[in-house]
Amino acid sequence: MRIPLGLLLGLLAGAAVAQGLRIDAQADAPPAAAAQAAAPALDSLQLGAGCAADAPPPAAWSLPAAIDGVVCHALGVRRSAGLINQARAADQVAGQAWWPALTANGGLDARKGYGQSAFAELRADIVLFDFGQRSAAARESGAALAAALDAQRAEVLTAIGQAALLYTTAQAAQDKVDALAGVLRQAEANSQLVEARRSAGAASLAERHRADAATAQARAEHARALGAWLVARGALAVALGLPASTVIELDAGPVTDEGEPPDLETLIAEARERHPQVLAARARLAEAQARIDGAQAGRWGSIGASAQTGRTRSSNDLQVRSVTTASLSWSLPLFDRGVTRGRVADAQAQQQVRQAELADALAQTENLVWEQGRLLQSERHAWREMRRARDSAEAALQAVAERYRLGVGSFGDVLQAQDALAQASQQWADSRAAWLRARWRLAAAVGRLGPLAFE
């Protein structure tokens, strides 16, 4: 079968011109590349480096390492990866609309009394001009891909906040265990001191009972703190993709409160420009605008060309006939029962919804940055004060214990100082965790994938 390649190559050349020059009214570069540059995927964010199945866990988990592990196993991040693949596939389909469609057909026809006939044909169809419909569809799919990428970044920020909460909760529980272990050792030492003084006739039986009660209470508080630590550690281990019974060591590193507090107005302005939720809302608004453009362009139809070549052979005359046709057509919807008008109205209504969502995303982002910024400042001040309170409680306990050992103080003062140290140590642990957590949460509220550099 001889095919007129000149005709088919002419259609391919026309497709190349349409693909390269974008002769539609609103032709632009393919939006997929711009979407990927505007909202990079998870791999380019330098997160998930330890997601490989054969990656060994660290000996001691720092907060950044824990965040990396939680992001790797976050359901929202994994689900968004599938949505990105769907959006990317749709964008690739939209980008191929400028190329011709080639169809090959062949068959054998047999009828009683008429003999048999065989045919084979090749058909090429291309849309030469569609008044911007393909360009609008490509911009719509590109905006949808950008929205999916930004939505994944928003899921990453959510996972960062969750990881910071789990890690700092476990860190606070571990600090409480260490602090209450020190209180328990001090209570046991006080009990031994009371027993020694009682043996020397310098302490009463009531003091011994009070010392035993204080020691038992310290053991109970330590056991309760140890249980809370095991629960918090198990929750963190599960979020890291490990069994809940896994023994993990935490290493938060040094925590400092030096430096000036961040300028909230500057952070709010940054969040309004770069937060993934805001970027995703803007991309969805652009997607709705592209739908409007495509629906309006659909009123003018499309101009297309087609070429077909084939051969037919009949059993009656055994002669092979070649048939070649070409056509240029303009498909114009003169009366479509209001379908086009309905599509335009639907797209315009969707645009109103997207505008409201963008305004809501901007308001929520500003409110979240303001809330987390004020919380950061208050937690920073609270951690400073609780650090002073813990140091003062330790010094007070040492002083009253020494006075009691020398016989010039009461055991009631020792017990009171011991309780004050236990409370101050636990409050210090909570405050330290809250200060560390607030730094990461403010960074996530701004849209950054890491702690803010305040220090």
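Any read-out appearing in this document is the output of simple, stated calculations on the displayed coordinates, not a laboratory observation. As the structure is a computational prediction, the values presented were derived from the model and not from experiment. Heads up, the Cβs are rebuilt from the backbone with ideal geometry, glycines too, and the neighbour counts pull from every protein chain shown.
Less than 10 Å Cβ to Cβ from Ala424, Lys/Arg counted +1 and Asp/Glu -1: what total charge do the surrounding residues give?
Details: positive: Arg387, Arg388, Arg390; negative: Asp391, Glu394, Asp419.
Every neighbour counted, the sum reads 0.
Using only the Cα atoms, work out Rg/Rh for segment 279-367, with Rh taken as the Kirkwood radius, to two decimals.
1.40
For segment 62-137, divide the Cα radius of gyration by the Kirkwood radius and give the resulting Rg/Rh value with two decimals.
Values: Rg = 25.2 Å, Rh = 18.0 Å.
That ratio is 1.40, to two decimals.
Rg and Dmax of segment 329-455, using alpha carbons, in Å: what are they?
Cα-based Rg and Dmax for segment 329-455 come out at 30.6, 110 Å.
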